Amino acid sequence: MSGVRSLAALTNTASTSRVLNLHLITVEFADDMARVSAPFFFDAVLNRAIIIKHRLRSDETYLLSDGTAVATKIMFPLDRSDLKAGGRSILVNQTGWRATLCDVLGATEAELEKDFEILEMLNELPSLDPFLVREQLRRFHHHPADCYFAISPADNARMQTFTSNEMAPLIAMAFGSKDGAIPPELVKKLADALLSTNADSRLDPLRMTLGLEGEKFTQGIFSWKGFIYYKWQFSETFHKLTRISTEMDSVKIKGRIDKNIREEMDDLKKSIRGRIRDSAKGCQAVLSLYDDAFRDLVEKGNTAAFRKFLLDAPVLFIELGHSMGIMSHISSFWAFRFNKDKEKNVEIQEYLDILREFENGLAPKRATMVTW
């Protein structure tokens, strides 16, 4: 493997929308007692694996019977000290995957049962965004150490503010007084409740407003959190992608560039810019469904429409998560490879690999391209 598809390239970051690098976290937080006492996986070898949201190649589609284009891949480096040596991989839900994983780890299914549950939880998610992974695991009462989630305090604070602003109209509807006034501290308290581990009694007026009970309410709240998260992330990610569209022309290329290479680079950059626009439009279309349903609820009191949206949200959630995951991955990889502390220069072959990978990732969903 070469370029961005190399397993070694995954050592550069612990968490992105497509990669959860437990190997790197184990190395960087080797002396962190919180990591030792609250691991991500309970099996020590699995807890050093690399988890990837992998877009299936055309010759891999037979491995999964559900027709999915994006699978959850478990990677085990052959040599932990040299990831360039590659590794062995297993796809969650491929035929015989449990028996294969037991064989790799030298454990029984009974011994790995909790870890199988965690892998299934990850597989349900559209991406490996740290916020979503953390919330998914917390829903099922699994609380790994904070080092497994690359969510900065600043991002948490900004997400809190965004959620408060997003929820304010509905909180005013469910909790407000006759004159519509609602104390700011109540908005913050309920936003905290929405972002907490599970829906609790503080959200009972919202539960009654939405007409959802039990697990349906819990699932609805999780979906709502997901849409709020993606809405917040979208504005940030799209701004970064717009900057990448410009910066692609300022990268300094090392090596001989003949006419054919120049034409391929120009074609790839043009295609990437177009696909960024198309991906953004796709995300906006899904987010607008949420906005319209939410607006109907708070402006017209149409609880049925928003309730239906939350019940239907898992399908939309996967579609939105796929697009946002690709866009987030591209922006985070670009920021790492061409950050402000490094010169923007690159060998021609590596640059072509990067552009090809970006174009493939942004392509309409079909199981025909290599992810890593």
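Counting other Cβ atoms within 10 Å as a rough exposure proxy, the listed residues 147, 283 run 147, 283 from fewest neighbours to most. Database remark: amide H of residue 87 closer than 5 angstrom to the amide H of 78 (H placed geometrically; neighbours at sequence offset of 5 or more, or on other chains; Pro and chain starts carry no H). Backbone phi angles across the range 296-313, fed through the Karplus curve with coefficients 6.51, -1.76 and 1.60 (θ = phi - 60°), yield HN-Hα couplings of 4, 5, 7, 9, 10, x, 7, 5, 4, 5, 6, 4, 5, 4, 5, 5, 8, 4 Hz in residue order; Gly and Pro are listed as x. In terms of other Cβ atoms within 10 Å, 224, 97 run from fewest to most in the order 97, 224. 3J(HN,Hα) along the range 271-282: 5, 4, 4, x, 6, 4, 4, 5, 5, 5, 5, x Hz, from the Karplus curve 6.51 cos²θ - 1.76 cosθ + 1.60 with θ = phi - 60°, whole Hz, x for Gly and Pro. In order along the range 116-132, the phi-based Karplus estimate (6.51 cos²θ - 1.76 cosθ + 1.60, θ = phi - 60°) of 3J(HN,Hα) comes to 4, 4, 5, 4, 5, 4, 5, 5, 5, 7, x, 7, 9, 3, x, 4, 5 Hz; Gly and Pro are listed as x. Here each label is just a point 7 Å from Cα along the line to Cβ, and for residue 249 and residue 213 those points are 6.1 nm apart. Counted by Cβ distance under 14 Å from residue 259, the other residues give a net charge of -3, where Lys and Arg count +1 and Asp and Glu count -1.
Annotation for the range 266-286 versus the range 233-248: alpha-carbon center distance of 11 Å.
Note on 259, 73, 240: ascending count of other Cβ atoms within 10 Å places them as 259, 240, 73, the fewest first.
For residue 17, the residues whose modelled amide H falls within less than 5 Å of its own, excluding neighbours fewer than 5 places apart on the same chain, are 329.
Here, each number is a calculation from the coordinates, and none is a lab measurement. All of these numbers come straight from a predicted model, not from anything done at the bench. With ideal geometry, Cβ positions are generated from the backbone for all residues, glycine too; neighbour counts draw on all protein chains shown.
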